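Rule-based calculations on the coordinates, nothing more; no lab input. Owing to the predicted nature of the structure, the values given are computational and were not obtained by experimental measurement. Using ideal geometry, Cβ is built from the backbone for each residue, glycine included, and neighbour counts are taken over all protein chains shown.
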Ligand SMILES: [Zn+2]
């Protein structure tokens with residue numbers, strides 16, 4: 001499928017290459033994650049200006065040749081997220097979100113909903129940099145797992161289906177478990193269970209604030225589920 005490709009994209013990573021080039025890892029709605037080389041981009045007179053940096057949302061024109069690496073032939077900014085860029089917390093939050101996304105969706109599969117999720121996360125961090133919390137990262141990861149098809153089961157025991165008292169979280173069973181199925185689980189209190197449910201079901205803009213203990217437990221539930229069911233290793237949250 002050689003030839004020109006036009007796509008929206010968010011830059012996940014931008015790596016210096018040679019004297020003046022950059023290798024970009026971008027996420028697109030219909031081509032998933034792809035890599036492209038931008039030649040001469042680090043020269044002061046480059047027509048790309050500074051827009052091939054991480055977290056830019058762009059209209060990209062690419063040339064697809066025989067190799068896996070496409071060539072950037074044109075780039076137009078849709079959103080530069082300038083507020084986010086000026087705030088260290090938000091910048092760090094965007095980097096963590098892009099890293100998590102790249103770990104779960106590492107192929108050329110089309111997931112327009114994941115692209116939209118990434119754009120809403122970036123917009124939210126740009127509008128309100130104080131949103132860049134650990135809880136935000138956990139909720140973002142939960143939504144990635146949902147899109148990938150292995151979100152933890154939270155409404156009933158993941159092992160036997162009983163909706164009675166749920167006392168633990170079992171990464172192997174893939175969710176919360178009841179007292180009779182608690183083998184291999186770790187204890188999960190009601191507050192953390194509620195937070196996980198909210199993180200999955202509520203918009204990123206509407207997350208409850210929780211303390212460090214809930215964040216640590218929720219992080220464990222999400223990380224171990226991702227590792228067990230998706231062979232995905234997230235970076236540590238704290
Ligand atoms: Zn059970």
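With axes computed from alpha carbons, what is the tilt in degrees of helix 88-104 against the longest principal axis of the chain, rounded to the nearest 10 within 0 to 90?
It works out to around 80 degrees.
Percent of Cα-Cα pairs per 10 Å bin, from 0 to the last occupied bin, for region 155-217, please list those.
24, 49, 25, 2
Over region 2-47, what lengths in whole Å, largest first, do the semi-axes of the equivalent ellipsoid take, defined as the square roots of 5 times the eigenvalues of the alpha-carbon gyration tensor?
Each semi-axis is √(5λ); the values are 21, 12, 9 Å.
With a Cα-only, solvent-free Debye model of region 3-82, what are the log10 I(q)/I(0) values at q = 0.25 Å⁻¹?
-1.30
Please report the projected area of region 99-238's Cα convex hull averaged over all directions, in nm².
Directional mean of the projected Cα hull area for region 99-238 stands at 8.1 nm².
Please report the spacing between the Cα centers of region 87-124 and region 134-176 in Å, no decimals.
So the two Cα centres are separated by 21 Å.
Quick check on packing: order 20-32, 138-150 by the mean number of other C-beta atoms within 10 Å, highest mean leading.
The packing order, highest mean first, is 138-150, 20-32.
Give me the percent of Cα-Cα pairs in region 181-238 that sit more than 20 Å apart, rounded to a whole number.
Value for region 181-238 (Cα pairs over 20 Å): 28 percent.
What FRET efficiency do you get for residue 23 and residue 212 if R0 is 30 Å and r is their Cβ-Cβ distance, rounded to the nearest 0.05?
0.20
When the label point is put 7 Å from the Cα of residue 172 along its Cα-to-beta-carbon vector, which residues of region 214-235 have a backbone N closer than 12 Å?
In region 214-235, the label zone of residue 172 (backbone N under 12 Å from the point 7 Å along Cα→Cβ) covers no residue.
In deg cm²/dmol, rounded to 500, what helix-only [θ] at 222 nm does the chain give when every DSSP H run of at least 4 residues adds -39500 (n - 2.57) and the total is split over its residues?
After summing the helix terms and dividing by the residues of the chain, the value is -11000 deg cm²/dmol.
Grab the Cα-Cα distance for residue 73 and residue 238, subtract it from 0.36 nm times how many residues apart they are, and report the gain in nm with one decimal.
Using 0.36 nm per residue and subtracting the Cα-Cα distance, I get 55.5 nm.
If you count the DSSP beta bridges with both ends in the chain, what percent of them are antiparallel, to the nearest 5?
The antiparallel fraction comes to roughly 90 percent.
Cα-based Rg (one decimal) and Dmax (whole number) for the chain, in Å?
Looking at the chain, its Cα Rg and Dmax stand at 19.8, 67 Å.
I'd like the FRET efficiency for residue 83 and residue 44, computed as 1/(1 + (r/R0)^6) with the beta carbon distance as r and R0 of 45 Å, rounded to 0.05.
FRET efficiency, residue 83 to residue 44: 0.95.
So for 235, 33, 45, fewest C-beta neighbours within 10 Å to most, what's the order?
45, 235, 33
Below 8 Å, C-alpha to C-alpha, sequence gap of six or more: please give me the relative contact order for the chain in percent.
15
Pop a pseudo-label 7 angstrom from the Cα along the beta-carbon direction at both residue 66 and residue 183 and give the gap in nm to one decimal.
5.7
What nm distance separates the two modelled labels at residue 194 and residue 59, each placed 7 Å from Cα along Cα→Cβ?
In this crude label model, residue 194 to residue 59 measures out at 4.7 nm.
If I take the Cα coordinates of region 39-170 and project them onto the principal axes, what are the three extents in Å, biggest first?
Principal extents (largest minus smallest coordinate, Cα): 65, 39, 18 Å.
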